[in-house]
Structure formats: structure tokens, C-alpha cells
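Engineer: Sharing a structure below in C-alpha cells format, with a few things to ask.
Readers should treat all values here as calculations from the given coordinates under stated rules, not as data from a laboratory. Everything numeric here is computed off the predicted structure, so don't read it as measured data. Note that each Cβ is placed from the backbone with ideal geometry, even for glycine, and that neighbours are counted across all protein chains shown.
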Amino acid sequence: MELVGRRRLLVAATAALSTSLLLLAPPAHAHQPVILTAADTTPSRGPLLVDGTVSFAVYTQVRTGTTRGFRVGMRKGDRLEIQLLIPDEPPANRLTAAQLPVVRVIAPDGTRQRLAITERTPFFEPYTGTDYLYLARLTETADAGTYRVVVTGASTVEVPVVIGVGYREVPGIVRQR
């Protein structure tokens, strides 16, 4: 075997071994994944992130007529952080603002706010090797109680969505319905 071929083989083997070791390594506590399914049509049917200061990544897919929801527990004075991201790849990254998913956050007192899509900031997520676009971010001082988050599709194309919640990189608790 020629030298170039051996080098390629060595590089490929090293990459495969590195990937295998990463998969076997203990998980980092960065944005623990939470998957919303078709059963999670409203916040009350969706999971409860017990401590909303803990870093979670809530994954789902929506299109016109599709709604998903979940809940976030907060203590008075904690920092509430919620971000809307989509993959930076077609078709999601080609949609107009009017076609992008709508995220509404309902405070414990019933106050509603829609996350305004004000950006398309690139973000490389190193744990999964995925390129995303930040579309909207919310940071505010929380009231005590449960916040409800509703994600609604606005496009005939199914759009993968990630809702980032929290900022503390520690293990968290998710309660299903």
C-alpha cells in the first residue's frame, strides 16, 4: 500500500476511534435534550422542566396547524432565559420571518409574550456538530411559578426547532405530564 493510502487509512481510523470514544464518554451537562412529540400539543400535555435555570434544549418539529408545548418552573427573582433556534440548513434557513415558527411564553400570572424574531445569528453547537441560527432570545427576571411555552408552525414545510431554556450547566429534572 502506498504512503498516501496508509495516511488516509490512519486518518480515517483515528477519526472513527475518536468518534467512538466521544459516544462512550459521559455526557456533558450542556443543554440536556428534551424531545417534544405529537402528544405534547399544549403546555399542560408537555413535559415540565422543574428548574428553568438549568440548561435544556427542547427539540421538536412544527408546520402550519402544528402546536407543541411544555412548562418551565421558576422561582421569584431567577433569570428566565429562552431562545429560539433553527438548523442553519435548507429548507429552514430559507424561510421568511412570517414562515418561521412562533414561540409564545405565558407567565404564571397569565401575561403572554411572543418571542420576536429579530436575528439570524449563526451558532455552532459543538456537542452535536450542528450549525444553528438564533432567531429570538428572551431574558428577564422571573416570577414564581410555572411558565408555559407554546411553539406553533407557520409554514407548510416542517421546520425543526430548538428552544433553549436556562443557563446553568448542571443536571436537571424533567417531569412528563
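Engineer: May I ask you to order 79-86, 106-113 by the average number of other C-beta atoms within 10 Å around their residues, highest value first?
Structural biologist: 79-86, 106-113
Engineer: If you stretched the chain out fully between THR41 and THR118, how much longer would it get, using 0.36 nm times the residue separation minus the C-alpha to C-alpha distance?
Structural biologist: Taking 0.36 nm per residue and subtracting the Cα distance, the gain is 25.1 nm.
Engineer: Related question: Compute, for segment 29-175, the length of the dipole vector about the Cα centre, with Cβ point charges of +1 (Lys, Arg) and -1 (Asp, Glu) only. Units Debye, rounded to 20.
Structural biologist: 480 debye
Engineer: To continue, here is another question. Can you give the net charge of the other residues whose Cβ lies under 12 Å from the Cβ of TYR167, counting K and R as +1 and D and E as -1?
Structural biologist: Every neighbour counted, the sum reads -1.
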